[in-house]
1. Taking into account only those residues within the range 81-90 that are open to solvent by 10 Å² or more (accessible area, probe 1.4 Å) and within 11 Å of Ile143 (Cα to Cα), which is farthest from the chain's Cα centre (by Cα)?
2. Test Leu10 against the criterion of being open to solvent by 90 Å² or more (accessible area, probe 1.4 Å), assigned to a helix (DSSP H, G or I), at pLDDT 90 or above and of a type outside the set (Lys, Arg), and give yes or no.
3. Given the residues Ile21, Ile107, which is the only one that is part of a strand (DSSP E or B), of a type in the set (A, V, I, L, M, F, W, C) and open to solvent by less than 80 Å² (accessible area, probe 1.4 Å)?
4. Applying the selection to the range 111-132, what residues are part of a loop (DSSP other than H, G, I, E, B) and open to solvent by 40 Å² or more (accessible area, probe 1.4 Å)?
5. Please verify whether the range 137-149 includes one or more residues that are of a type outside the set (Ser, Thr, Tyr), surrounded by fewer than 16 Cβ atoms within 10 Å (Cβ to Cβ), without any contact (Cβ under 8 Å) to a residue 12 or more places away in the chain and in a loop (DSSP other than H, G, I, E, B).
6. Might you let me know whether the range 36-58 holds any residue that is touching an Asp or Glu at 6+ places or on another chain (Cβ under 9 Å), open to solvent by 60 Å² or more (accessible area, probe 1.4 Å) and either at pLDDT below 90 or not charged (D, E, K, R) (or both)?
7. List pairs: first in the range 67-80 and surrounded by fewer than 18 Cβ atoms within 10 Å (Cβ to Cβ), second aromatic (Phe, Trp, Tyr) and modelled with pLDDT under 90, Cβ under 8 Å, 6+ apart or cross-chain?
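The values are calculated or read from the model by the stated rules, or taken from the named source; none is laboratory data. Note that the structure is predicted; figures quoted are calculated from it, not measured. No Cβ is skipped: glycine too gets one built from the backbone with ideal geometry, and neighbour counts run over all protein chains shown. Side chains included, ligands, DNA and RNA excluded: accessible areas come from the protein's heavy atoms. Shrake-Rupley method; radii C 1.70, N 1.55, O 1.52, S 1.80 Å.
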Amino acid sequence: MAVKHKNLYLYLALACFLGIIIIFIFDGYMGVYDTLIIKAGEYEEEIEADEWTQRDGGFSTTAVNWGEKAFFSYKVDNRRFSSYTADIEVSLWHEQEKVYDIMAQPISVASFDSTELEWVLDMAELVPDSVGPDQVYEFTVVIKMGEIERSLRVRVSSERYAPKRAMEIPEPSR
């Protein structure tokens, strides 16, 4: 005598739906993600892991005024069941030549935890005096995390040549 299962197709449909949800969670959430936050003046920019390849031919670009300091914060978020270890190397490049190393250190991030590295670049020290008022000065910050390499192009404006004007505050209308 054969046994009939009335709800067999319902159970199969629920199992497939649950499988699709699990695939989206593992594919979209699990992994190691890195985020770079740049603060310069009144401006803050955040570059997340999936944005690195979508910008300007693989390069992310930011702008900083001459004489300002740019504050960088690099966050590594480990969303895996195992710990993550890597060597982080941050260096400054100009015209495909390394100017200097900003930092080099190993990191170890526990499972479902994050760590953050910070550094500061002073634009007044980086732009040579030979750069004229009509020139744009650019350099590249290269971040290597294990096998992953990220590049950020930094454009320095020549604001130092522009005359400073006093800001006029208009009289309130009545």
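1. This residue is Asp87.
2. So Leu10 does not fit the description; no.
3. Exactly one residue qualifies, and that residue is Ile107.
4. Across the range 111-132, the qualifying residues are Ser111, Phe112, Pro128, Asp129, Ser130.
5. Checked the range 137-149: at least one residue is of a type outside the set (Ser, Thr, Tyr), surrounded by fewer than 16 Cβ atoms within 10 Å (Cβ to Cβ), without any contact (Cβ under 8 Å) to a residue 12 or more places away in the chain and in a loop (DSSP other than H, G, I, E, B).
6. yes
7. Arg79/Tyr29; Arg79/Tyr33
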